[in-house]
């Protein structure tokens, strides 16, 4: 055993692994062949597996390399589809009894809704559909939301407004996967992204971001962007969201770690309704937005918790930013990319403080309306207040998409 803490990280997440390495951990990543070079270049050892989310595959990969789970002091992951497998591996190693059930509660959409409902938290009614073949569109209470149980990024997630749309979307959904599926009550409200960190059952970091458009609107061409709201300007919203988060985490058994929570504020009542929650740092540049707004590195806090070290926070983090920050996807038309703005051009746009361009000429751009994680790049935008940030992000999205040239745009 090494003097440094030996960590097995399931999957490849550059920022998380970097945080572990900065903390002095001896990190091994269970990764695909495609990700192995990047992990090794970052300073991690690798176990090459077909799919890190497959427990059998990880065990087999370790065995092929002459290793076992007990060679590691810590087994972890921050990847959405690897959280439960990592928890199962921890239990197999004889550590963290109950870890798999706790991880499942923060992953399965139906299970977590039942748990938070039992804890007295408002959330949408939901029903598991083993198959879509037997669903009678005439028996659906409209509007309703149809989504895959194991999905993410709003992929194959649809709002059913009437029998006609139900028939169309049921057919579309069935073509996109085998199920099972979840049918949910539709919540008419404004969607918020809530990110932060909980330690010893206490919320230490709480960032409430308003989406410019609800995520499900991505299918209609909506941009994926959120603005972190300053607590001093939205005290009641923060208070209401904190209450829902605290009650939800108690019901879910999530007492330590990062969280990425979606909530809705009902348009008619103002009530905060639980949407879904994950035990990970939000995607995109969420960690940057939180750090710039509250001065807290969520990856560093996660690494410290994972390695059994105390938090740097002695109490709730305060909003330290002047003005407001937001994070967004950079959209582009679908097709083979001929030209795309440079990183310097993006950084020169009003308010842009951080960015990355992820496509280059020759790449094939997917249809970004299919899911919220599809993008040509990312940007973090600053403004004097949340309204200016929102305006700058809309302008940036339109400018960037207009500058991307594609050979053959994909049309329906």
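Key figures for this structure:
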{"read-out": "Selected residue (only one of 114, 90 is surrounded by fewer than 16 Cβ atoms within 10 Å (Cβ to Cβ) and either outside the structural domain of residue 250 (by TED's automatic domain parsing) or without any contact (Cβ under 8 Å) to a residue 24 or more places away in the chain (or both))", "value": "114"}
{"read-out": "Selection status of residue 22, in contact (Cβ under 8 Å) with a residue 40 or more places away in the chain, loosely packed, with under 15 Cβ neighbours inside 10 Å and outside the structural domain of residue 307 (by TED's automatic domain parsing)", "value": "yes"}
{"read-out": "Failed condition for residue 191, given (1) in contact with a helix residue (DSSP H, G or I) (Cβ under 7 Å, 6 or more places away or on another chain); (2) in a strand (DSSP E or B); (3) over 21 Å from residue 123 (Cβ atoms)", "value": "(3)"}
{"read-out": "Residue 222 vs. criteria modelled with pLDDT under 95, assigned by TED's automatic domain parsing to the domain that holds residue 271 and farther than 18 Å from residue 263 by Cα", "value": "yes"}
{"read-out": "Within the stretch 54-85, considering residues that are crowded, with 20+ Cβ neighbours inside 10 Å and free of Cβ contacts under 8 Å to residues at least 60 places away in the same chain, the one farthest from residue 109 (Cα to Cα)", "value": "62"}
{"read-out": "Enumeration of residues in the stretch 346-373 that are touching a helix residue (DSSP H, G or I) at 6+ places or on another chain (Cβ under 8 Å) and over 26 Å from residue 229 (Cβ atoms)", "value": "357, 369, 370"}
{"read-out": "Leading residue by the ranking (modelled with the lowest pLDDT) among those in the stretch 180-202 that are more than 27 Å from residue 229 (Cα to Cα) and surrounded by fewer than 17 Cβ atoms within 10 Å (Cβ to Cβ)", "value": "180"}
{"read-out": "Which numbered condition residue 358 misses (of (1) surrounded by fewer than 20 Cβ atoms within 10 Å (Cβ to Cβ); (2) over 30 Å from residue 234 (Cβ atoms); (3) touching a residue at least 12 places away in the same chain (Cβ under 8 Å); (4) over 19 Å from the mean Cα position of the chain (by Cα))", "value": "(4)"}
{"read-out": "Every residue from the stretch 361-390 that is assigned to a helix (DSSP H, G or I), surrounded by fewer than 17 Cβ atoms within 10 Å (Cβ to Cβ) and touching a strand residue (DSSP E or B) at 6+ places or on another chain (Cβ under 9 Å)", "value": "387"}
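The rows are residues; the columns are (1) in contact with a helix residue (DSSP H, G or I) (Cβ under 8 Å, 6 or more places away or on another chain); (2) on the phi < 0 side of the Ramachandran plot.
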{"position": "293", "(1), (2)": "no, yes"}
{"position": "298", "(1), (2)": "yes, yes"}
{"position": "310", "(1), (2)": "yes, yes"}
{"position": "313", "(1), (2)": "yes, yes"}
{"position": "318", "(1), (2)": "yes, yes"}
{"position": "323", "(1), (2)": "yes, no"}
{"position": "336", "(1), (2)": "no, yes"}
{"position": "340", "(1), (2)": "yes, yes"}
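The values are calculated or read from the model by the stated rules, or taken from the named source; none is laboratory data. Since we're looking at a predicted model, the values are computed, not measured. Here Cβ is always computed from backbone atoms with ideal geometry, including for glycine, and neighbour counts include all displayed protein chains.
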